[in-house]
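The values are calculated or read from the model by the stated rules, or taken from the named source; none is laboratory data. Small disclaimer: the values here were computed from a predicted structure and weren't measured. When we count neighbours, we look across all protein chains shown, and the Cβ atoms used for this are built from the backbone with ideal geometry, even at glycine. For the accessible areas, the whole protein counts, side chains as well, though only heavy atoms, and no ligand, DNA or RNA atoms are used. Shrake-Rupley method; radii C 1.70, N 1.55, O 1.52, S 1.80 Å.
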Amino acid sequence: MRSPATLELINKENKNLTFKSLGALEDMTRFLQDFLVRQISQLWDFEAIALAQKIQYVPILAPLSPQPISTAMARQNSGKIPVLLLHGFDSSLLEFYRLFPCLVARLSENYQIWSIDLLGFGFTERKPDLNYTPDTIKAHLYAFWKVLIQQPMILLGVSMGGATAIDFALTYPEAVSQLILVNSVGYSGSFSWGKLLLPPVDALAVEFWKQRKLQALNWGKFFGMSGAESTALQSVSLHLEIPGWAEAMIAFTKSGGYFDLSQKIARITQPTLILWGDTDEMLGTKDAWKFQRDISNSQLFWIPNGGHTPHLKYPEYVARLISKFLDRN
């Protein structure tokens, strides 16, 4: 359920909507809620279920579309300082099912913990008339911040979410007080080659990606995948059947992603915590040193055996490092 304060903010932002458009919005929200309920019924991990049950849909009216976008988000704690978590590529806020409760428990009552499914990802609505690029993701995220948060926030991004956080902080510095980057895309991990994909290769590429994730999940059950590994894979896969998934993936891939971000990173002025798994099998470790070199007010901490997703492997340790960073700043 949405709080009265949240409803008041949303109603003010959407005051010019017609009854017809409000009816369409309610129909879409009900459809997405039903889809979400069906998908999360597959979960068995109590932490994943607990976070899934916190997901709610809020209508975000951005300049991208005349109709509000039904946006999936979660929030806990009622403190004054917002911390917003941004997921990675083709993922959802469910990937924070282990870190989210650790942050809620570790941080004081002064903080409120938020997470959002970015435009084109997770359980957020995909509108057929939208283009899905870093710029539209940023515009949607700003509209979300403007409606619901409305004050400087601590922005945490993992993998591609780190690139989104950097891009957002550079464009809207007044909205971000501090940055936390976890094995972040920025110098590598994007795909400038995506612009070269033409039909039908683009559709085949994203379908291959989808089947790779689903087959990993299905075969893992037969080959002794641990419960933790299975839930981690579920958390980044349950949204794959949402309407518009393939079209949004194709659009984002063909945009090239954050291929041009590296030359801008040195412009970051916010205090920045860089967390990096020292066994990252996707991005390696060189980029961590580059972030520390180019962001003047930054601290780098290595997470032993953290891989590319230390927030999933060692959420308590990651939460402790975040808490110490925030206490110092």
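Could you state the number of Å between the C-alpha centres of the range 66-95 and the range 249-282?
Between the Cα centre of the range 249-282 and that of the range 66-95, the gap is 19 Å.
To the nearest 20 debye, what charge dipole does the chain have about its Cα centre, counting +1 at the Cβ of each Lys and Arg and -1 at the Cβ of each Asp and Glu?
Numbers: 30 positive and 29 negative charges, 84 e Å.
I would put it at about 400 debye.
Per 0.36 nm of contour for each residue apart, how much would the distance between residue 188 and residue 201 grow if the chain were fully extended, relative to their Cα-Cα spacing?
Details: separation 13, 0.36 × 13 = 4.68 nm, distance 2.31 nm.
So the chain would gain 2.4 nm between residue 188 and residue 201.
Within the range 68-116, what whole-number % of the accessible surface is contributed by carbon and sulfur, with the 1.4 Å probe and all protein chains included in the calculation?
Details: 610 of 1360 Å².
It is 45 percent, rounded to a whole number.
Using r as the Cβ-Cβ distance of residue 300 and residue 320, and R0 as 25 Å, what FRET efficiency do you calculate, to the nearest 0.05? Before the final figure, lay out each step's value.
Working: r = 16 Å, r/R0 = 0.64.
Once the sixth-power term is evaluated, E becomes 0.95.
For the chain, with every protein chain kept in place, what is the accessible area per residue (1.4 Å probe, Å²)? Intermediate results must be reported in sequence, preceding the final value.
On the way: 14610 Å² over 329 residues.
Accessible surface, normalised per residue, equals 44 Å².
As a test of the formula, what do you get for the chain when each DSSP H run with n ≥ 4 contributes -39,500 (n - 2.57) and the sum is divided by the residue count, at 222 nm and rounded to the nearest 500 deg cm²/dmol?
Numbers: 12 runs with 139 residues, N = 329.
After summing the helix terms and dividing by the residues of the chain, the value is -13000 deg cm²/dmol.
Would you mind calculating the gained length between residue 266 and residue 226 on full extension (0.36 nm times residue separation, minus the Cα-Cα distance), in nm to one decimal?
Numbers: separation 40, 0.36 × 40 = 14.40 nm, distance 4.04 nm.
That pair, residue 266 and residue 226, stretches by 10.4 nm at full extension.
Contour minus end-to-end for residue 146 and residue 329, with contour as 0.36 nm per residue of separation and end-to-end as the Cα-Cα distance?
63.5 nm
Of the DSSP beta bridges with both residues in the chain, give the percent that are antiparallel, rounding to the nearest 5. Kindly include the intermediate steps, with their values, before the conclusion.
Working: 9 of 35 bridges.
That works out to approximately 25 percent antiparallel.
Once a ≥ b ≥ c are taken as the square roots of the eigenvalues of the Cα gyration tensor of the chain, is the result rounded (a/c under 1.5), prolate (a/b larger than b/c) or oblate (a/b not larger than b/c)? Intermediate results must be reported in sequence, preceding the final value.
On the way: a/c = 1.25, a/b = 1.11, b/c = 1.13.
Judged from the Cα gyration tensor, the chain comes out rounded (a/c under 1.5).
Among 74, 119, 230, pick out the residue whose Cα is farthest towards the positive end of the charge dipole of the chain, where Lys and Arg carry +1 and Asp and Glu carry -1 on C-beta, about the Cα centre.
The listed residue farthest towards the positive side: 74.
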